[in-house]
Amino acid sequence: MYSGEPITFKDLNTTEYDIDHIYPQSKTKDDSFTNTVLVKRECNAKKEDRYPLGSDFQTPVSYTHLRAH
């Protein structure tokens with residue numbers, strides 16, 4: 001996911017890829033399917049325990065201005 005390179009079926013059964021937590025499990029405790037992606041192992045190692053997105057995506061959004069009609 002992070003590299004943008006396609007993943008072939010033959011590469012799935014190798015050690016080239018990891019299942020990564022988008023939001024670090026150590027920080028969010030979220031081990032759900034919606035928080036995981038398949039990534040190249042080398043990209044995952046570079047990401048370490050950081051969020052893959054910039055800080056502007058990490059800021060909580062307030063939805064108080066939305067009302068049910």
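See the values below:
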| item | result |
| --- | --- |
| Neighbours by Cβ (under 9 Å, 6+ apart or cross-chain): first from region 6-21, farther than 11 Å from L38 by Cα; second of a type outside the set (S, T, Y) and not in a loop (DSSP other than H, G, I, E, B) | T15/R41 |
| Failed item, numbered, when P6 is tested on (1) open to solvent by 90 Å² or more (accessible area, probe 1.4 Å); (2) at pLDDT below 85 | (2) |
| Residue tally, condition out of contact with any strand residue (DSSP E or B) (no Cβ under 8 Å at 6 or more places or on another chain), at pLDDT 70 or above and more than 21 Å from N13 (Cα to Cα), over region 33-59 | 2 |
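The values are calculated or read from the model by the stated rules, or taken from the named source; none is laboratory data. Predicted model, so just to flag it, every value in this text is computed and none were measured. Neighbour counts run over all protein chains shown; Cβ positions are idealised from the backbone, glycine included. Protein only, heavy atoms only, side chains kept; ligands, DNA and RNA dropped before computing areas. Shrake-Rupley method; radii C 1.70, N 1.55, O 1.52, S 1.80 Å.
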